[in-house]
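The values are calculated or read from the model by the stated rules, or taken from the named source; none is laboratory data. None of these values were measured; they are calculated from a predicted model. Cβ: placed from backbone, ideal geometry, glycine included. Neighbour counts: every protein chain shown. In case anyone asks, the SASA skips ligands and DNA or RNA and just uses the protein heavy atoms, side chains included. Shrake-Rupley method; radii C 1.70, N 1.55, O 1.52, S 1.80 Å.
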Amino acid sequence: MSHHTDGIAEICAHYKDEPSALIEILHDVQARFGHVGDEAARDIAARLNITRADVQGVRSFYSDFTTAPASPARIKLCRAEACQAVGSEALAAALTARGIETEIVYCLGNCALGPAAMVQGRLIGRADADTLEDARAEALNG
């Protein structure tokens, strides 16, 4: 049994292998391993005695779950209404023009300081393309 599989078993056991705890289990797996990959989905399904399709359905429905490790320099950019009102759409376009991918999120809880973004867990208010590019470079280098 791999270390990864042991971790999945531990998380599932914490929830008594209850299929009704699937979302919580997925959140815990993502928190521990950084993503919920196909191997994890298979292990979860086996532990909960549900189909891999059941796990995949929940995993793919919620955008918070990722299937591969994320870059530490990934930029999460809020595209909710408050941030849209202060330029998040233009900011997304500016970042795309620079070849920088963003992950769309719908609220980082920093509405008063929009557009809001997050880089490696660091919340950035009144974000602009230069600030986010600098934060991304810092995350990649440090």
Q) Quick one: is R136 touching a residue at least 24 places away in the same chain (Cβ under 8 Å) and at negative phi? A) yes
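Looking only at the range 39-64, which residues are in a loop (DSSP other than H, G, I, E, B) and open to solvent by 80 Å² or more (accessible area, probe 1.4 Å)?
N49, Y62, S63, D64
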Q. Is it true that some residue in the range 94-105 is among the basic types (K, R) and either more than 26 Å from D128 (Cα to Cα) or touching a residue at least 60 places away in the same chain (Cβ under 8 Å) (or both)?
A. no
Q: Could you figure out which of (1) open to solvent by 60 Å² or more (accessible area, probe 1.4 Å); (2) within 29 Å of R126 (Cα to Cα); (3) in a loop (DSSP other than H, G, I, E, B) isn't true of A70?
A: (1)
Q) Restricting to the range 6-29, what's the tally of residues that are outside any loop (DSSP other than H, G, I, E, B) and open to solvent by 40 Å² or more (accessible area, probe 1.4 Å)? A) 10
Q | Lone unmet requirement of (1) without any contact (Cβ under 8 Å) to a residue 24 or more places away in the chain; (2) farther than 18 Å from R136 by Cβ; (3) not charged (D, E, K, R) for A80 | A | (1)
Q: Collect the residues in the range 111-122 that are surrounded by 13 or more Cβ atoms within 10 Å (Cβ to Cβ) and either in a loop (DSSP other than H, G, I, E, B) or at pLDDT below 95 (or both), keeping them in residue-number order.
A: C111, G114, P115, A116, M118, V119, Q120
Q. How do the pairs read when you match residues in the range 36-53 that are closer than 20 Å to D64 by Cα with residues anywhere that are open to solvent by 10 Å² or more (accessible area, probe 1.4 Å) and of a type in the set (D, E), using Cβ under 7 Å and keeping only pairs 6 or more apart or on different chains?
A. A45/D54
Q.
Please go through the range 90-110 and give me each residue that is open to solvent by 60 Å² or more (accessible area, probe 1.4 Å) and under 10 Å from C78 (Cα atoms), ordered by number.
A. I104, Y106, C107, G109
